[in-house]
Amino acid sequence: MNTLVKMAITGLTLSLSLLTVQTHASQANTNSLGDAKLGEMKAPSCVFCHNPNGAPSQASYPNLNGQDPLYLFNAMNAYLNDERSGAMAALMKAQLQNLTEQDLRDVAAFYSSK
């Protein structure tokens, strides 16, 4: 094998190794639903009631920390689709109405990672 071919194979191997490391690093912040780091940035109004670092601000507010991300995603969609009722349903819908489906996925990943 000539030197040029060996150099090309070595470069390709190195590139694939770096890609694998980058992929694993980015997956550390994601789950199958969304990206927790992005979710943290997309949840500024959520944290006033749903404290990501402990108990919610009021006992009547649910603790979202560590919940299944699919459950959280589905719950947020249920508020948006008027499938959930209760004293806070209108407030929740108003808070969620400007978020995209991916935003909801990311917020769900954020709270599930806590």
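The values are calculated or read from the model by the stated rules, or taken from the named source; none is laboratory data. Remember, predicted model here, so these are calculated numbers, not experimental data. Reconstructed Cβ throughout: ideal geometry from the backbone, glycine too, with neighbour counts over all protein chains shown. These area figures cover heavy atoms from the full protein model, side chains too; ligands, DNA and RNA do not enter into them. Shrake-Rupley method; radii C 1.70, N 1.55, O 1.52, S 1.80 Å.
Taking the criterion of being open to solvent by 70 Å² or more (accessible area, probe 1.4 Å) and assigned to a helix (DSSP H, G or I), the residues of the stretch 89-114 that qualify are Ala90, Leu91, Gln95, Glu101, Gln102. If you filter the stretch 36-70 down to residues that are open to solvent by 40 Å² or more (accessible area, probe 1.4 Å) and polar (S, T, N, Q), you find that the one that is farthest from Ala89 (Cα to Cα) is Asn53.
Of all residue pairs spaced 6 or more apart or on separate chains, those with beta-carbon atoms under 7 Å, a first member in the stretch 51-62 that is within 21 Å of Gly86 (Cα to Cα) and a second member that is among the small types (Gly, Ala, Ser) are Asn51/Ser57.
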